[in-house]
Amino acid sequence: MRNDATSRDYRDISADAVRQAILGVADCRSLIDLRNTLFCHIDSLIGVAAMGLYLFDSADELRYVASCRAPQGFLDDYQREYRKVDTMLECILARRHTVDGFRFHGPAKWRHCGNYDLLRGWGFYHNMAGALVVNGRTAGVLYVATAHEVQPFEDIQVGRLDLMCRAGSLALDAMHARERLWSELSNIAAADWREVWSGGRELPGTGSAPDGITAIERLPTRSREVALLLCRGQSNKAIARQLGISVYTVKEHVHNLCRRFGAVNRTELVRCLLKSS
């Protein structure tokens, strides 16, 4: 895809489409879904030639996860020759916000830096990247690049990548929390569960739980079904399809559940539901 073509298209994206894209990314509950959703929305919202997703492993090494339209040789060259001396990456890791290569290096130094040499050698031109943050720590980096000699990234493109990274961070944070919660749940006796999580205090919206009945189990039937599917990472459309109800009805259930559990958004609601399990 040529950036000079898509750079005209991204300006036509409505504010509502941007909001829907952010929510779609934030709702992802698997790495595969996150990769596909991120790449799909970045394609339309920003207009770039290639994308790459990197995440830190358990040894704090930045590992390549997935790419879109990026030649393997380009990825290998970056990892082998430029990864350790990438000052732009150092800035991203330290400041945890989106960085545009052209602005970071400055007009005078841009054409003389290693990133520029690597990009030009593989048919790309400008690049920018943003941080993915989980539990207050940088968990990965999302890179994008343009093709051909086009104008530097505009503020709107930088801002949208930053929004995508923030939404991706929410998704990763929810995945991390969910795995941690279920891991701890498997190691805690049922009788100890409420005490461990609430510290002797009731969780928001739970009230008392006689005879070991959880907050989810005390919900009305349809609300309980929606809550359980939310905890499994299902989207509103998937929940509607599985339960045979409209997406609007699902949204109403989610809204009511947020109010009941004192959650301000869908991600927080899932955490509350998991804690009350």
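Within the same chain, lysines fewer than 8 places from residue 109 are excluded, and of the rest, those with a Cα less than 20 Å from its Cα are 84.
When peptides 226-233, 45-52, 238-245, 99-106 are ranked by their average number of other Cβ atoms within 10 Å per residue, the highest-first order is 45-52, 226-233, 99-106, 238-245.
Computed from backbone phi, the HN-Hα couplings of the range 248-256 come to 4, 5, 4, 4, 5, 4, 4, 4, 5 Hz, rounded to whole numbers (Karplus: 6.51 cos²θ - 1.76 cosθ + 1.60, θ = phi - 60°; Gly and Pro given as x). Annotation: peptides 248-256, 148-156, ranked by per-residue average of other Cβ atoms within 10 Å with the highest first, follow the order 248-256, 148-156. Excluding same-chain neighbours fewer than eight residues apart, the lysines reachable from residue 251 by a Cα-Cα span under 24 Å are 237, 275. Computed extension gain for residue 135 through residue 12, at 0.36 nm per residue and net of the alpha carbon distance, reaches 40.8 nm. Couplings 3J(HN,Hα) for the range 105-118, derived from phi with the Karplus relation 6.51 cos²θ - 1.76 cosθ + 1.60 (θ = phi - 60°), are 7, x, x, 6, 9, 4, 6, 10, 9, x, 4, 5, 4, 5 Hz, where x marks Gly and Pro.
Bear in mind that the values in this text are calculations on the coordinates, not laboratory data. Values in this document were obtained by computation on a predicted structure and should not be read as measured data. Backbone-built Cβ (ideal geometry, glycine too); neighbour counts: all protein chains shown.
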